[in-house]
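**Q** Before I ask anything, let me first share the structure, which is written out below as structure tokens.
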Amino acid sequence: MDIPQLTLAKVDKNPLCFGCGKDNPFSLKMKFYMEGDAAKAEFLPTEFHQGWPDYVHGGALMAAIDETIGWVVFQKRIYSVTAKIEVRLKSMARIGEPLTITSRIAKQTRRTLEVEVQMQRRDGSIVAEASSVQYIVKTP
């Protein structure tokens, strides 16, 4: 895999973030916290995240997963961008159904990270599993 050299500005807060931005009316409104070495996110899909009537669009689920990947990396004060993501949707999620997303860094090299993710309902049943490769970027 060819790994580009990227340099991006450091960001500590982004109120317009698509995943968690409080000032973004189109945000997923995700709430994040750490539990040990895992990042966890709460995502409550609304009718604005709909694909089939009453069900969450797969792209919205994938965006929530990608955001949680970024958050676990950010908590380690590593800046990265997603190079590759593989999502396995195991079941459909309903609008209004609270979801918990958990991500962990599985491997780190000098220039990449591998992150594993699981999305669950409150009853513990799996909605999706994912893995990603993140490019570590330089910051000024």
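**Q** Quick one: what pairs do we get from region 109-126, first residue free of Cβ contacts under 8 Å to residues at least 12 places away in the same chain and over 23 Å from residue 97 (Cβ atoms), second of a type in the set (D, E, K, R) and surrounded by 15 or more Cβ atoms within 10 Å (Cβ to Cβ), C-beta under 9 Å, 6+ apart or different chains?
**A** Close Cβ pairs satisfying both conditions: none exist.
**Q** Could you list, in sequence order, the residues of region 31-58 that are within 12 Å of the chain's Cα centre (by Cα) and without any contact (Cβ under 8 Å) to a residue 40 or more places away in the chain?
**A** Selection gives 31, 32.
**Q** Residues being within 17 Å of residue 96 (Cα to Cα), of a type outside the set (D, E, K, R) and out of contact with any helix residue (DSSP H, G or I) (no Cβ under 9 Å at 6 or more places or on another chain): count how many of those fall in region 16-37.
**A** So the count comes out to 1.
**Q** Show the residue pairs that are 6+ apart or on different chains and have beta-carbon atoms under 6 Å apart, the first residue being within region 82-101 and closer than 14 Å to residue 67 by Cα, the second being at pLDDT below 95 and of a type in the set (Phe, Trp, Tyr).
**A** Between residues of region 82-101 that are closer than 14 Å to residue 67 by Cα and residues that are at pLDDT below 95 and of a type in the set (Phe, Trp, Tyr), the close pairs are 83/135.
**Q** Going residue by residue through region 88-100, is there one that turns out to be of a type outside the set (S, T, N, Q), in contact with a Lys or Arg (Cβ under 7 Å, 6 or more places away or on another chain), buried (at least 17 other Cβ atoms within 10 Å of the Cβ) and under 18 Å from residue 137 (Cβ atoms)?
**A** Scanning region 88-100, I find no residue that is of a type outside the set (S, T, N, Q), in contact with a Lys or Arg (Cβ under 7 Å, 6 or more places away or on another chain), buried (at least 17 other Cβ atoms within 10 Å of the Cβ) and under 18 Å from residue 137 (Cβ atoms), so the answer is no.
**Q** Return only the number of the condition from (1) in contact with a Phe, Trp or Tyr (Cβ under 9 Å, 6 or more places away or on another chain); (2) surrounded by fewer than 16 Cβ atoms within 10 Å (Cβ to Cβ); (3) of a type in the set (Phe, Trp, Tyr) that residue 71 does not satisfy.
**A** (2)
**Q** Can you pull out every residue in region 31-48 that is modelled with pLDDT under 95 and surrounded by 14 or more Cβ atoms within 10 Å (Cβ to Cβ)?
**A** Scanning region 31-48 gives a single hit, 32.
**Q** Need the failing condition index for residue 16 against (1) more than 20 Å from residue 132 (Cα to Cα); (2) outside any loop (DSSP other than H, G, I, E, B), just the number.
**A** (2)
**Q** A further question on this structure: Look through region 50-78, keep the residues that are at pLDDT below 95 and of a type in the set (Val, Ile, Thr), and return whichever of them is nearest to residue 21 (Cα to Cα).
**A** By that ranking, first place goes to 73.
**Q** To continue, here is another question. May I ask you to list the residues in region 59-81 that are in a strand (DSSP E or B) and touching a residue at least 60 places away in the same chain (Cβ under 8 Å)?
**A** 81
**Q** Hey, among the residues in region 82-140 that are among the aliphatic types (A, V, I, L, M) and assigned to a loop (DSSP other than H, G, I, E, B), which one's modelled with the lowest pLDDT?
**A** This residue is 137.
The values are calculated or read from the model by the stated rules, or taken from the named source; none is laboratory data. Because the structure is predicted, anything quoted here is derived from the model rather than measured. As a convention, Cβ positions derive from the backbone with ideal geometry for all residues, glycine included, and neighbour counts pool all protein chains shown.
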